[in-house]
Structures are given as structure tokens and as C-alpha cells.
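> Quick one: the structure is below, and I'll ask about it shortly.
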């Protein structure tokens, strides 16, 4: 950035461009959940987060706090993160009682510190659900989601050469609806937000993504049954609060839950797989 | 090619209704269907009670008619009892689903959030379903003890309470201010419960279509408003003396008998 910005632009003698933006800084009081391990009871600890640039993301702010903690020879705060561009689903955190913080359609990694005001107290807690056990501090184990996907979140294809593009016609509205569901990054905000600790939005998105497309039809009902039954082993049940769709960083609608419910009833009614089988 | 197989595909499957009821989504279907059954009863009950404004004779006539539903086809009170058994089944299943799902949800988050939650969509109605349900159930048993069973000490009309004198029993019961308050509290709980329940019905049974989605909340508001306003009018108008008890219990005699 600096190399290009410092080079004179335009004709010789043109004035050097001024720094585009000087970021403001804010001071925050952080209350962060610290827990040494799965067995520890855990507690909130207060940290002064001073001189935080408004242009930082929430995770960068935690990085700064951790650098300061390391300089003081203290244990840094453990938290999940990976791509930091809102597509991997690694980041989590309950920020002031809302999964991924106060900004809608935004994962924690893309939440900027300018959404907070100077002097604010920010409470940071891990996502909580029995099937999301805390590993350490703010890091939770979300592998229960992997169990749900393993149960049927895929299509079975013959691994031959790549088929021609557009060989299977997909109507545009169907493609769009499937794409919206496929935007699920599996972060677990829906479970964290749900007062019942239910994973219906996650499972409905994974099911809806494939059940809408022609390629997903062959295994449609087996998939729905297997994924829902697996989900119910780990998570709570839906009472239609709608809290999950508000928390979802990808704004996936609870309409997909209705679709899943409909397919689940059908899956229990269909018994094609059992025809001609001896009892 | 390992295709997707349901966990229980190899195991022997239980009959469809049992297997479906065992799942949480199945219970939500049952909850929705039984809830709708109970709502339809509540609506019919409210409409039937509007007969109160037509006077004692009309009201008692209606009460006795209910016992004689489909009489030439089925013996007296049989239809009424079939309806009652259906209602009891709805009530029992609805309550069992609520209990079972609540327990499941408690297990799903054994350690709660240690900081204050900030709810964005969950409203008072959706979060108080089990409480409004319990409040209304308690009222329901009191209501049955008062008017159906005529339990001494609870019933209106005191010693003059008599089985079958529907109008007299009802108006003397509603004349008590404390009873009016009880009705108002219970019906507000019912309204709050129905507001979430009637909307939730569509979502649970998967009736979701952009063509009518906008109407689902309006339907819920309309339905709960009609039932609650109708029900609230009975104790309130009785307190203001619009409906009055007959001086003495009137014996209703069906025509020609």
C-alpha cells in the first residue's frame, strides 16, 4: 500500500496524495469468558481494550488484546478463526448477547469496531449448547454439525469424467433458492441464538440446498430422514421463535425449516425402499 | 457407491405413526394438529356462548341441543362424548408433546449463557408458551369444576346450582367479580398463547408459501383476537349488568316432552 501511495501520481510536480483515512481509536472494556479447558467452570475476566482502531475487525481487536497479554506473559484468549472474510464459518462468539454481534448479516470476522462506541462495555461469551462443548475460552467444538452432514449432506455421483455443463436443466428460481440455502457456512450461530439450542436452521439449509436441485432428488427422502434423525440426537427442537434467522450471518430464512418439515413427513411415509423385501 | 441410508433402514421399522411421533419434528406436527383442534373448539365454544345475549331460553336450548347432536342416528349424548374424547385426546397429546420437547430442549443447553441475552425475534408470546399454557390449563380445570361438575364451594349459584340449568349457573358464576378477573387473566393468557401458536402451526406443518406467508401472522392475530374478545365480553358485560341471571333457575323442557 505504502509503496504505491508514496509515489507521485500524474504529472511531475503533482502533489503527493495525502493519507486517505486516519482511523479513529476507541477505548472499550471487555468482559471475556475465560475457561482453561472442558472441565474448568470458567469465569468472566475484564480487560481494558484501549486505543482500538475503528477499522479493525472484532477478531483483529482480540489479536491486539492477545499481543498485549503475551507481552505481559499472560495466557492469550483462545478463539476460533480462519478465513476472516465471512465464508468459512470458523468464527463464532456471543457479543453482547447476540451471536456474531450486533450487525445483521455479518460474521464476527467482518464486524468492525466502528459499530461500537467509545467507553462501551462489550461482553464476549462462547456459543453455548450441550453439543457444542467448550474446548477452551471462546473456542467450542462444533463437530456435531459434521455428524449431521455425514448422515446425508451430499449427493452420490458416479466418479466418471466431468459431465457437460447445463446437461441437467435447473430452473432459475430453483437454482436461486438452492443457492441461498447453500450459502450456509455452518458457523452454528443458529444453535447459539436458539433459546432451545436447536439446529433446525442449519440442517434445513443443508437439506434444502440439495433437496431443491434435480441432482438431489434420488436421495431426497433418505437424506431428510437421516439428517433430521441425526440432528435430533444432538440438538433441541424448534419452537418457531425465528431467532436463528436473525442471527444467521448469511440471512437464511426459516422458510427452509418449513420445507424440511414437509420433506420429513414425506420421508416417513415413503417406503419404496422396503418394497419386495422379505419381512 | 454408498448411497445415503437412514440410520434405521436396516433395523425393523416401527409403524409409521409411532416412529413419526418419536421424532421432535413429528411431535411438532402433532402439536400443530392438536393445537388446531383445540383452537377450533375454543372458537365454537365462544360462538356458542354468544347465545347468552339472546336470553335464558335460547341459551339453555342450545345447551340441551348439544346433548342431542345427531340424535336420531346416535343415542343421546353419544356425539357429545365422541367430541369430548377427541378434545381430551388433543389436550393430552398437546401437553405430552410440550413436556417432552421442553425436556429435550433443556438437555440441548445444560449450561445457560452467563451474560444477558439480547433477543431479536423471540417475543413475549413465543417465550411464554409453556407458562400461558399452564395458566390456561389451571383455569380450564377450575372452569370445569365451576360449571360442568358443579363442585361445591367453587360453583356459582351456591345451593341453587343445578345441573342442566346452563344459563342460570353461568350468569350467577360470572356475577362474582373475582371470577370475572379470573376469566380476564385466563383469556389474556389464551390470547398470547394462540398468537404464537396459530402462526407456529403453519411453520410446523410446512405450509410455507410466498403467496400466503404474509397472511400467517395476520391470521394468528385475527383468530386470537376474535376468540379472546368474544370470551372477554361474557364476564365484562355480566359485570356491567348487560346479562342478568334469571331470578330462579328455569327448567328447560324440549318441545313436546
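> Percent relative contact order of chain B, based on C-alpha pairs within less than 8 angstrom and at least six residues apart?
With pairs under 8 Å counted, the relative contact order is 24 percent.
> Using only the alpha-carbon atoms of chain B, report the extent along each of the three principal axes, biggest first, to the nearest angstrom.
Largest first, chain B extends 80, 51, 40 Å along its Cα principal axes.
> For the pair residue B:138/residue A:161, report the inter-label distance in nm, with labels modelled 7 Å from Cα in the Cβ direction.
7.5 nm
> What fraction of the Cα pairs in the protein assembly as shown, stated in percent, has a spacing above 45 angstrom?
Pairs farther apart than 45 Å: 35 percent.
> Between residue A:22 and residue B:118, with labels modelled 7 Å along Cα→Cβ, what's the label distance in nm to one decimal, could you check?
In this crude label model, residue A:22 to residue B:118 measures out at 3.1 nm.
> Helix B:24-49 versus the longest principal axis of chain B: what is the Cα-based angle in degrees, 0 to 90, to the nearest 10?
That works out to roughly 20 degrees.
> Enumerate the residues in the stretch B:131-159 having an amide nitrogen under 16 Å from the point lying 7 Å beyond the Cα of residue B:45 toward its Cβ.
B:132-150
> I'd like the FRET efficiency for residue A:105 and residue B:88, computed as 1/(1 + (r/R0)^6) with the beta carbon distance as r and R0 of 56 Å, rounded to 0.05.
Efficiency computed from Cβ-Cβ geometry: 0.75.
> Separate question: Once R0 is set to 56 Å, what does the formula 1/(1 + (r/R0)^6) return for the Cβ-Cβ distance between residue B:69 and residue B:111, expressed as a FRET efficiency to the nearest 0.05?
0.55
> On to the next question. First check a/c for the stretch B:27-76, with a ≥ b ≥ c the square roots of the eigenvalues of its C-alpha gyration tensor; if it is under 1.5, answer rounded, and if not, answer prolate when a/b is larger than b/c or oblate otherwise.
Since a/c reaches 1.5 but b/c is at least a/b, the shape of the stretch B:27-76 is classed as oblate.
> Calculate for chain A the 222 nm mean residue ellipticity that helices alone would give, adding -39,500 (n - 2.57) per DSSP H run of length 4 or more and normalising by residue count, nearest 500 deg cm²/dmol.
-10000 deg cm²/dmol
> If each of residue B:151 and residue B:181 carries a label point 7 Å out from its Cα toward its Cβ, how far apart are those two points in nm?
Inter-label distance under the simple model: 2.0 nm.
> I need the semi-axes of the equivalent ellipsoid of the stretch A:57-197: take the C-alpha gyration tensor, multiply each eigenvalue by 5, square-root it, list largest first in whole angstrom.
Those come to 35, 18, 16 Å.
> Anyone know which of B:170, B:82, B:38 comes out most mobile in the 10 Å Cα GNM of chain B?
B:82
> Can you quote the Å³ per residue value for the convex hull of the Cα atoms in the stretch A:109-163, rounded to an integer?
164 Å³
> When a footprinting reagent is the concern and you count Cβ atoms within 10 Å, what order do A:270, A:136 take, fewest first?
Neighbour counts put them in this order, fewest first: A:270, A:136.
> Got the relative contact order for chain A handy, in percent, Cα pairs under 8 Å and 6 or more residues apart?
RCO, chain A: 17 percent.
> Using a Förster radius of 30 Å, what is the FRET efficiency between residue A:218 and residue A:183 based on their Cβ-Cβ separation? Nearest 0.05, please.
Once the sixth-power term is evaluated, E becomes 0.80.
> Using only Cα atoms and rounding to the nearest 10 degrees, what angle (0 to 90) does helix A:143-152 make with the longest principal axis of chain A?
Its long axis makes an angle of about 30 degrees.
> No solvent, one uniform scatterer per C-alpha: report log10 I(q)/I(0) for the stretch A:25-136 via the Debye equation at q = 0.14, 0.19, 0.24 1/Å, two decimals.
The calculated log intensity ratios at q = 0.14, 0.19, 0.24 Å⁻¹ are -0.54, -1.04, -1.63.
> From the helices alone, meaning DSSP H stretches of at least four residues, give me the mean residue ellipticity at 222 nm for chain B, per-run term -39500 (n - 2.57), in deg cm²/dmol to the nearest 500.
Mean residue ellipticity, 222 nm, calculated: -21000 deg cm²/dmol.
> Still on this model: Take the stretch B:72-185, compute every pairwise Cα distance, and split them into 5 Å bins from 0; I just need the percent in each bin.
2, 9, 12, 15, 14, 14, 11, 8, 6, 5, 3, 1, 0, 0
> Express the relative contact order of the stretch A:176-279 as a whole percentage, based on alpha carbon pairs under 8 Å and six or more residues apart in sequence.
36 percent
> Another question about this same structure. So what is the orientation-averaged projected area of chain A, using the convex hull of its C-alpha atoms, in nm²?
22.9 nm²
> Measure nothing but the geometry: give the 0 to 90° angle between the long axis through the Cα atoms of A:200-211 and the longest principal axis through the Cα atoms of chain A, rounded to 10°.
Roughly 60 degrees between the two axes.
> State the dimensionless ratio Rg/Rh of the stretch A:142-274 (Rg: radius of gyration of Cα atoms; Rh: Kirkwood radius).
Dividing the radius of gyration by the Kirkwood radius yields 0.98.
No lab work stands behind these numbers, since they all come straight from the coordinates. Computed from a predicted model, the values in this text were never measured in an experiment. Using ideal geometry, Cβ is built from the backbone for each residue, glycine included, and neighbour counts are taken over all protein chains shown.
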